[in-house]
Amino acid sequence: MSKIIPWLFFGFVCLSFGGKPEQKGVEITKPNVLFIAVDDLNDWLGCMDGHPNAITPNMDKLASQGVLFTNTHCQAPLCGPSRASIMTGLRPSSTGIYGMIADDEIKSDNKATADIQFLPEYFKNQGYYTMGIGKLFHNHAPDGLFDESGGRSKGFGPKPESRFIWDGYGTSDREKYGRTSTDWGAFPAYDSLMPDDHSADWVIERLNRKYNEPFFMGVGFLRPHVPLYVPQKWFDMHPLEGIELPPYKADDLNDVPPVALKINDLPMMPSTDWAIESGEWPKIVQAYLACVSFVDYEVGRVLDALENSEYADNTVIVLWSDHGYRMGEKGTFAKHALWEPATNAPLIFAGAGVPKGKKIHEPTEMLSIYPTLLELCGLPQYDRNEGRSLVGLMKSNADESDYVAITTYGMNNHAVRTNDFRYIQYEDGLGELYDENADLEEYENLFDDPDYKDVIQDSKALLPVVNKKWNEHSQYTFQPYFVEQKARTSKE
């Protein structure tokens with residue numbers, strides 16, 4: 001025992017000081033990074049005016065202290081490829097990662113990613129001490145990526161012994177479709193039983209340590225990803241009698257092409273018509289709002305800890321989500337689409353070197369997180385990044401009409417979002433066009449209107465030139481279209 005005690009003490013000292021013991025006289029000049037990911041968060045924040053019932057004081061406060069990008073879009077409306085894009089700095093069309101992929105396989109058998117430096121890895125190679133907990137990549141992170149990893153609680157629990165409302169299958173053929181975790185209701189009894197609460201605790205404890213190097217701290221919160229379970233008190237904040245429902249048009253999809261309908265074929269999810277007939281729609285909306293308010297609270301705990309720490313004035317904060325989420329728009333409750341509610345998500349930068357109290361409405365991309373963080377931290381730009389740094393846009397008051405956002409869902413299915421239009425082109429060449437100024441709900445498809453021929457041609461010119469085949473390690477077996485597309489295009 002006498003031989004073990006000194007090593008235990010040494011390990012305790014190293015852990016207490018963030019890996020390397022603090023040295024007197026060490027001056028940290030580069031800003032730290034607090035990297036906050038929130039799963040499946042759409043624009044239902046108070047600061048984004050996405051829903052009148054939204055209660056999100058902490059994210060609203062963060063937006064008021066920095067720059068809020070209201071028109072940011074994911075590079076894929078699905079967790080796995082969206083997060084792989086953010087972390088590699090590459091578009092799905094450049095990597096062939098169109099579906100889910102294990103964190104440790106992103107660099108496997110893929111020329112585009114084989115020698116890529118992941119975003120946290122780049123910071124590590126620049127002398128940062130890197131830490132991460134929760135859902136940052138699709139699962140957590142590749143093995144060994146962080147100097148210190150808190151891991152992730154498995155799945156999206158905790159869960160009750162049996163589901164409250166939705167069985168996860170709906171009307172689907174169970175041999176062809178996956179089972180969704182979708183369900184809603186008040187559970188568990190206490191915040192302390194939620195994995196997100198544990199993640200916040202982990203980060204808070206580390207914000208009270210001392211470090212020799214600048215740090216990169218990543219935290220990935222799970223809610224409001226389904227199941228929409230949080231304790232009752234968060235539901236109480238959103239009384240059912242006051243819930244407002246999103247816009248819905250029963251014949252909305254009559255003018256969209258066949259591939260759009262195949263992609264939107266999600267019988268395992270509740271349909272909007274079912275939600276109306278059963279009376280569950282307000283309850284689903286209430287549950288989502290409750291989950292958003294809960295995760296806002298957890299974000300606030302982390303931000304308060306940073307504000308009360310010695311790192312408050314020398315930390316860059318970024319808060320983002322991997323995609324939006326439809327709450328009845330376009331006929332279902334899901335992400336899984338190239339329409340606005342599925343692609344638009346919050347992006348906020350704040351802290352060291354970031355202007356305060358600014359809202360930017362130009363279309364931007366989550367792909368820009370990587371190069372923007374590098375520029376804000378004074379690090380060399382990474383020449384492999386396909387995204388565009390937003391620092392110039394943050395600090396300029398000029399109209400930047402050349403900014404566009406591109407979202408990809410499966411091979412050769414793309415959406416191009418400009419200031420005025422959303423153009424969607426599917427693999428067969430058919431598509432959709434919406435006037436985002438006159439038709440916010442994207443009800444009227446203008447694709448066949450000759451008056452918009454030039455708009456369509458201009459939009460086509462913005463589509464990705466490279467469209468790699470599906471990477472062998474990436475797949476999406478949740479519904480038949482993507483299984484068939486990967487099999488078909490892999491043979492071509």
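In region 251-260, how many are within 21 Å of G324 (Cα to Cα) and assigned to a loop (DSSP other than H, G, I, E, B)? Explain how you work it out, then say what you get.
As a first pass, look at region 251-260 and keep what is within 21 Å of G324 (Cα to Cα): 252-253, 256, 259-260.
With assigned to a loop (DSSP other than H, G, I, E, B) added as a condition, the list becomes 256.
Total meeting the criteria: 1.
Which numbered condition trips up W166, out of (1) surrounded by 18 or more Cβ atoms within 10 Å (Cβ to Cβ); (2) in contact with a strand residue (DSSP E or B) (Cβ under 7 Å, 6 or more places away or on another chain); (3) of a type in the set (F, W, Y)?
Failed condition: (2).
In region 210-218, is there at least one residue being closer than 22 Å to I133 by Cβ, among the basic types (K, R) and more than 24 Å from the chain's Cα centre (by Cα)?
Yes, that holds for at least one residue.
What are the pairs, 6+ residues apart or on separate chains, where a residue within region 261-282 that is in contact (Cβ under 8 Å) with a residue 12 or more places away in the chain has its Cβ under 6 Å from a residue that is in a loop (DSSP other than H, G, I, E, B) and charged (D, E, K, R)?
From region 261-282, no pairs qualify.
Just to confirm my filter: which helices (runs of 4 or more DSSP H) fall fully inside region 380-492 and include at least 3 residues that are of a type in the set (A, V, I, L, M, F, W, C) and under 30 Å from Y122 (Cα atoms)? Don't jump to the end; show me each part of the working.
Values: elements: 391-395, 453-460, 480-491.
The qualifying helices (runs of 4 or more DSSP H) are 391-395.
Determine whether region 408-419 contains at least one residue that is in contact (Cβ under 8 Å) with a residue 24 or more places away in the chain, of a type in the set (F, W, Y), more than 25 Å from V67 (Cβ to Cβ) and crowded, with 16+ Cβ neighbours inside 10 Å. Before you say what the answer is, go through the steps one by one.
At the first step, the residues of region 408-419 found to be in contact (Cβ under 8 Å) with a residue 24 or more places away in the chain are 408-419.
Now narrow it down to the ones that are of a type in the set (F, W, Y): 409.
Checking the rest, the ones that are also more than 25 Å from V67 (Cβ to Cβ) come to 409.
Checking which are crowded, with 16+ Cβ neighbours inside 10 Å leaves us with 409.
The answer is yes, given that some residue of region 408-419 is in contact (Cβ under 8 Å) with a residue 24 or more places away in the chain, of a type in the set (F, W, Y), more than 25 Å from V67 (Cβ to Cβ) and crowded, with 16+ Cβ neighbours inside 10 Å.
Among the residues of region 337-365, write down those that are of a type in the set (D, E, K, R) and under 24 Å from D420 (Cα atoms). Spell out how you get there, then give the answer.
Step one: filter region 337-365 for residues of a type in the set (D, E, K, R), giving 340, 356, 358-359, 362, 365.
The answer is E340, K358, K359, E362, E365.
For (1) assigned to a strand (DSSP E or B); (2) hydroxyl-bearing (S, T, Y); (3) over 23 Å from L78 (Cα atoms); (4) under 20 Å from the mean Cα position of the chain (by Cα), each residue gets a yes or a no:
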| position | (1), (2), (3), (4) |
| --- | --- |
| I133 | yes, no, no, yes |
| H138 | no, no, no, yes |
| G144 | no, no, yes, no |
| G150 | yes, no, yes, yes |
| K159 | no, no, no, no |
| I165 | no, no, yes, no |
| K176 | no, no, no, no |
| S199 | no, yes, no, yes |
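Residue by residue, here is whether (1) within 21 Å of A350 (Cα to Cα); (2) in contact (Cβ under 8 Å) with a residue 40 or more places away in the chain; (3) out of contact with any His (no Cβ under 9 Å at 6 or more places or on another chain) holds:
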position	(1), (2), (3)
L62	yes, yes, yes
T70	yes, yes, no
H73	yes, yes, no
D104	no, no, yes
T113	no, no, yes
E121	no, no, yes
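Looking at region 149-157, is at least one residue in contact with a strand residue (DSSP E or B) (Cβ under 8 Å, 6 or more places away or on another chain), of a type in the set (G, A, S) and surrounded by 23 or more Cβ atoms within 10 Å (Cβ to Cβ)?
no
Which numbered condition trips up S93, out of (1) touching an Asp or Glu at 6+ places or on another chain (Cβ under 8 Å); (2) assigned to a helix (DSSP H, G or I)?
(1)
Would you call N71 over 27 Å from M394 (Cβ atoms) and either of a type outside the set (S, T, N, Q) or modelled with pLDDT of 95 or more (or both)?
So N71 fails the test.
May I ask you to say which residue of V302, V292, V318 is touching a Phe, Trp or Tyr at 6+ places or on another chain (Cβ under 7 Å), farther than 14 Å from W184 by Cβ and either of a type outside the set (V, I, T) or at pLDDT 95 or above (or both)?
Working: V302 fails: touching a Phe, Trp or Tyr at 6+ places or on another chain (Cβ under 7 Å); V292 fails: farther than 14 Å from W184 by Cβ.
The conditions single out V318.
Just give me the residues in region 307-348 being of a type in the set (A, V, I, L, M) and surrounded by fewer than 20 Cβ atoms within 10 Å (Cβ to Cβ), in sequence order. Don't jump to the end; show me each part of the working.
If we filter region 307-348 for residues that are of a type in the set (A, V, I, L, M), which is where we start, we get 312, 316-319, 327, 334, 337-338, 342, 345, 347-348.
Of everything in region 307-348, just one residue is of a type in the set (A, V, I, L, M) and surrounded by fewer than 20 Cβ atoms within 10 Å (Cβ to Cβ), namely A312.
Mind checking which residues of region 206-248 are part of a helix (DSSP H, G or I) and either among the charged types (D, E, K, R) or surrounded by 18 or more Cβ atoms within 10 Å (Cβ to Cβ) (or both)? Walk me through how you get there before you give the answer.
Start the filter on region 206-248 by keeping residues that are part of a helix (DSSP H, G or I), which leaves 206-207, 232-236, 240-242.
Once the filter is applied, which keeps residues that are part of a helix (DSSP H, G or I) and either among the charged types (D, E, K, R) or surrounded by 18 or more Cβ atoms within 10 Å (Cβ to Cβ) (or both), region 206-248 yields R206, L207, K233, W234, F235, D236, E241.
Identify, from the list S82, S16, S64, the residue that is under 30 Å from M411 (Cα atoms), of a type in the set (G, A, S) and either out of contact with any Lys or Arg (no Cβ under 6 Å at 6 or more places or on another chain) or at pLDDT below 95 (or both).
On the way: S16 fails: under 30 Å from M411 (Cα atoms); S64 fails: under 30 Å from M411 (Cα atoms).
From the options S82, S16, S64, the qualifying one is S82.
Under 7 Å between Cβ atoms, which residue pairs at least 6 apart in sequence (or on different chains) link something in region 153-168 that is of a type in the set (V, I, T) with a partner that is outside any loop (DSSP other than H, G, I, E, B)?
I165/W184; I165/G185
The values are calculated or read from the model by the stated rules, or taken from the named source; none is laboratory data. Remember, it's a predicted structure, so these values are computed and weren't measured experimentally. So basically every Cβ, Gly included, is an ideal-geometry build from the backbone, and we count neighbours across all protein chains shown.
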